[in-house]
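The values are calculated or read from the model by the stated rules, or taken from the named source; none is laboratory data. Only a predicted model underlies this, so the values are computations on that prediction, with no experimental measurement involved. Ideal geometry is used to build each Cβ from the backbone, glycine not excepted, and the neighbour counts take in all protein chains shown. These area figures cover heavy atoms from the full protein model, side chains too; ligands, DNA and RNA do not enter into them. Shrake-Rupley method; radii C 1.70, N 1.55, O 1.52, S 1.80 Å.
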Amino acid sequence: MVPSPVVIILAAGRGERFLASGATTHKLEAQLGTQSVLSHVIRAAEASGLGWYIVRPEGGTQGMGESISLGVRATPHASGWLILPADLPLIQPATLQRVAEGLSEKSLVVPCYAQQSGHPVGFSRAYQAQLLALSGDSGAREIVRRARQRGAVLDLALADYGMVHDIDTLSDLQWAQALINEPN
């Protein structure tokens, strides 16, 4: 079986802005419709048909860089990684599939909605060592910047507002709730 990209769900953050906005629970455990914010993201990953791995160690991590590194370390045989923050409950499974497909065109894929970069950012296996070397809270922004300078980035315009609308405050959660309550 040929390895495929794995969705790395980053769920180790403290959610401090959400709590500071008046919430009484962690944002990933907050209810959105009939399930938690995190459950929405997991369901999207499952529905995409791609493998997925959740980074949520006991006690958290020192930041996004460390979380990415842990996820890549736990999935060493993947052909690449789609880095997905766990606070994007409106992400569509088709977006995950399209980013994974984009890795056959370029070694790094950045999805965009309405001229705004979103998630998941897709990295081919060529970036494994760089992703493993990440630490602290500095994420992969510098890797993307350097790849862009080399022309190695596919900017993939998609019609999924869920890739750019995260849940950081109670008002973000209320906005997402209003969207899922709208009739189709």
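Could you tell me whether Asp87 is of a type in the set (Asp, Glu), touching a residue at least 40 places away in the same chain (Cβ under 8 Å), surrounded by fewer than 23 Cβ atoms within 10 Å (Cβ to Cβ) and within 23 Å of Phe18 (Cβ to Cβ)? Spelling it out, it is not the case that Asp87 is of a type in the set (Asp, Glu), touching a residue at least 40 places away in the same chain (Cβ under 8 Å), surrounded by fewer than 23 Cβ atoms within 10 Å (Cβ to Cβ) and within 23 Å of Phe18 (Cβ to Cβ). Against the definition (among the hydroxyl-bearing types (Ser, Thr, Tyr), more than 30 Å from Gln177 (Cβ to Cβ), more than 17 Å from the chain's Cα centre (by Cα) and open to solvent by 50 Å² or more (accessible area, probe 1.4 Å)), how does Ser104 come out, yes or no? The answer is yes for Ser104.
Of the residues making up the stretch 62-74, one or more are charged (D, E, K, R) and surrounded by fewer than 24 Cβ atoms within 10 Å (Cβ to Cβ). Taking Pro111 as the residue in question, decide whether it is closer than 30 Å to Thr24 by Cβ and either at pLDDT 95 or above or not polar (S, T, N, Q) (or both). When the stated conditions are applied, Pro111 does not pass them. Applying the selection to the stretch 166-184, what residues are in contact with a strand residue (DSSP E or B) (Cβ under 9 Å, 6 or more places away or on another chain) and either polar (S, T, N, Q) or open to solvent by 50 Å² or more (accessible area, probe 1.4 Å) (or both)? The answer is Asp166, Gln177, Ile180. Being open to solvent by 10 Å² or more (accessible area, probe 1.4 Å), in contact (Cβ under 8 Å) with a residue 12 or more places away in the chain and either closer than 16 Å to Pro5 by Cβ or not hydroxyl-bearing (Ser, Thr, Tyr) (or both) is a property that Ala114 has. Scanning the stretch 14-58 for residues that are open to solvent by less than 70 Å² (accessible area, probe 1.4 Å), over 27 Å from Asn181 (Cα atoms) and modelled with pLDDT under 95 turns up just one, Pro57.
When the stretch 135-150 is limited to residues that are open to solvent by less than 50 Å² (accessible area, probe 1.4 Å) and at pLDDT below 95, the one that is farthest from the chain's Cα centre (by Cα) turns out to be Gly136.
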